Amino acid sequence: MTDTATQGRPGPLSGIKVLDFSRILSGPYATMVLADLGAEVIKVEPIEKGDETRSFPPFQGELSHYFIALNRNKKSIAIDLKTPDGQKIARDLARQSDILLENFRPGVMERLGLGYARLREENPKLIYGSITGFGQESPLADKPAFDIVAQALSGVMSVNREPGQAPNKLGIPLGDMAGSIFSLFGLLAALHERNVTGKGQHVEVAMLDSLIAMQGYLSQIYFVTGQSPQPVGTQHPSIVPYGSFSTADGHVIVACLTERFWHNFARCLGQEALISDPRFALYEDRLVNREALHEVIDMRMRQDSTAYWLARLETFDVPSAPILSIGDSLEQPHVRSRGLIETVHHPTQGEMQLVRGPITFDGQGPAPSTAPSLLGADTTDVLTRDLGMSEDEVAEMAARGVLKRPV
């Protein structure tokens with residue numbers, strides 16, 4: 001592990017305060033990235049059970065794997081937002097915050113007295129982020145939205161399969177994470193504009209919009225041809241050869257995005273004549289004759305092992321890779337050398353491993369992470385420090401069920 005990867009540095013968002021009302025995945029991933037970048041993130045959770053993901057198995061001690069993955073570097077306060085006192089605490093914290101992020105259905109924050117219009121009056125500099133499934137103006141606005149729903153409506157599931165097979169969801173929750181990523185773009189752009197104008201604004205991102213925006217060339221295929229792209233499995237809709245090819249004992253990924261790589265691959269196969277074969281000479285020729293070319297490639301590659309082909313493909317400078325499991329991917333030398341995994345200490349659960357943020361500044365990654373907090377672990381500290389409440393006041397509110405703190 002490199003020194004720069006382990007040392008870290010204060011993040012560029014140091015001094016920015018984020019009030020996080022989000023839960024599950026789309027919001028928490030975004031606020032975790034903001035925390036990785038140095039912002040102070042105060043996560044506001046319901047007093048009963050907290051973020052719903054705290055109860056998702058498997059667990060490390062009392063902490064859910066799901067919650068661990070999305071909530072490092074945050075402080076947890078537990079408040080009953082259905083009580084007037086709880087709402088006042090939230091508004092008081094929002095008055096001091098730079099960014100607020102929520103991912104409730106449209107209208108929920110307004111019913112809690114925490115909508116943008118009200119909070120803007122109390123803090124004109126507040127950047128108020130909302131991640132929804134479909135957007136407040138959508139005919140689907142009131143429809144429950146989860147990752148797989150967004151994937152289905154975006155069209156991505158229709159192409160995420162082998163030809164003739166049933167539609168399949170992506171293995172990563174990209175419907176949720178697309179909303180996270182685009183919300184980060186919006187929040188950071190709004191933060192920059194606020195530095196110029198002194199004014200905050202409402203940043204809204206819909207999960208479905210975000211996933212459609214990530215279709216890239218797939219949507220353009222439809223606009224250009226009038227036909228929806230068809231499933232090609234690991235292959236590429238317009239580049240051949242590209243995808244997974246069988247070996248004697250497994251599979252290897254090959255990606256020939258340029259003519260140079262295609263020529264290298266043909267030589268790697270020991271079949272240089274394919275380069276001048278009129279069926280395969282140009283991009284469009286190979287696309288038309290995809291099945292014929294794949295038959296030639298498969299016949300040759302099935303004769304030798306995966307290890308043989310990986311070594312030979314590297315020798316001939318062909319973009320290629322083995323297909324790793326999640327465990328193998330985390331244990332590969334690249335991950336360790338880049339310092340992408342760190343060990344943190346949790347006060348009740350002991351040591352746990354986390355995946356670090358991937359962004360570096362001047363060669364240094366984020367500062368060492370803190371473990372995800374237990375529910376309400378930071379309630380007393382935040383309310384006494386930020387709102388000037390006494391410990392007796394916090395204790396009295398806890399007794400009345402307005403908030404929760406460790407006993």
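For segment 93-112, name all the residues that are among the charged types (D, E, K, R), under 25 Å from the mean Cα position of the chain (by Cα) and under 22 Å from Leu191 (Cα atoms). Break it down stepwise before answering.
Step one: filter segment 93-112 for residues among the charged types (D, E, K, R), giving 95, 98, 102, 105, 110-111.
Adding the requirement that they be under 25 Å from the mean Cα position of the chain (by Cα) leaves 98, 102, 105.
Once the filter is applied, which keeps residues that are among the charged types (D, E, K, R), under 25 Å from the mean Cα position of the chain (by Cα) and under 22 Å from Leu191 (Cα atoms), segment 93-112 yields Asp98, Glu102.
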Just checking, does segment 352-373 include any residue being loosely packed, with under 11 Cβ neighbours inside 10 Å and at positive phi?
yes
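Of everything in segment 349-384, what is assigned to a loop (DSSP other than H, G, I, E, B) and under 16 Å from Ile89 (Cα atoms)? Give them in sequence order.
Residues of segment 349-384 assigned to a loop (DSSP other than H, G, I, E, B): 349, 356-360, 362-363, 365, 367-378.
Hits for segment 349-384 are Gly376, Asp378.
Of everything in segment 148-158 that's out of contact with any Gly (no Cβ under 6 Å at 6 or more places or on another chain) and buried (at least 19 other Cβ atoms within 10 Å of the Cβ), which residue is nearest to Tyr217 (Cα to Cα)?
Val156
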Does Thr343 count as assigned by TED's automatic domain parsing to the domain that holds Asn71, free of Cβ contacts under 8 Å to residues at least 12 places away in the same chain and of a type in the set (Ser, Thr, Tyr)?
yes
Scanning segment 353-391 for residues that are in contact with a Leu (Cβ under 6 Å, 6 or more places away or on another chain) and either polar (S, T, N, Q) or modelled with pLDDT under 95 (or both), the one farthest from Gly38 (Cα to Cα) turns out to be Thr379
Can you pull out the residues in segment 385-407 that are out of contact with any helix residue (DSSP H, G or I) (no Cβ under 9 Å at 6 or more places or on another chain), of a type outside the set (A, V, I, L, M, F, W, C) and assigned to a helix (DSSP H, G or I)?
Arg385, Asp392, Glu396
Suppose we filter Ala117, Ala145, Ala166, Ala90 for residues that are of a type in the set (A, V, I, L, M) and under 19 Å from the mean Cα position of the chain (by Cα); which single one remains?
Ala145
Restricting the search to segment 1-29, which residues are modelled with pLDDT under 95, in contact with a Ser or Thr (Cβ under 8 Å, 6 or more places away or on another chain) and not in a helix (DSSP H, G or I)?
Met1, Thr2
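The values are calculated or read from the model by the stated rules, or taken from the named source; none is laboratory data. All values derive from a computational prediction rather than experimental measurement. Heads up, the Cβs are rebuilt from the backbone with ideal geometry, glycines too, and the neighbour counts pull from every protein chain shown.
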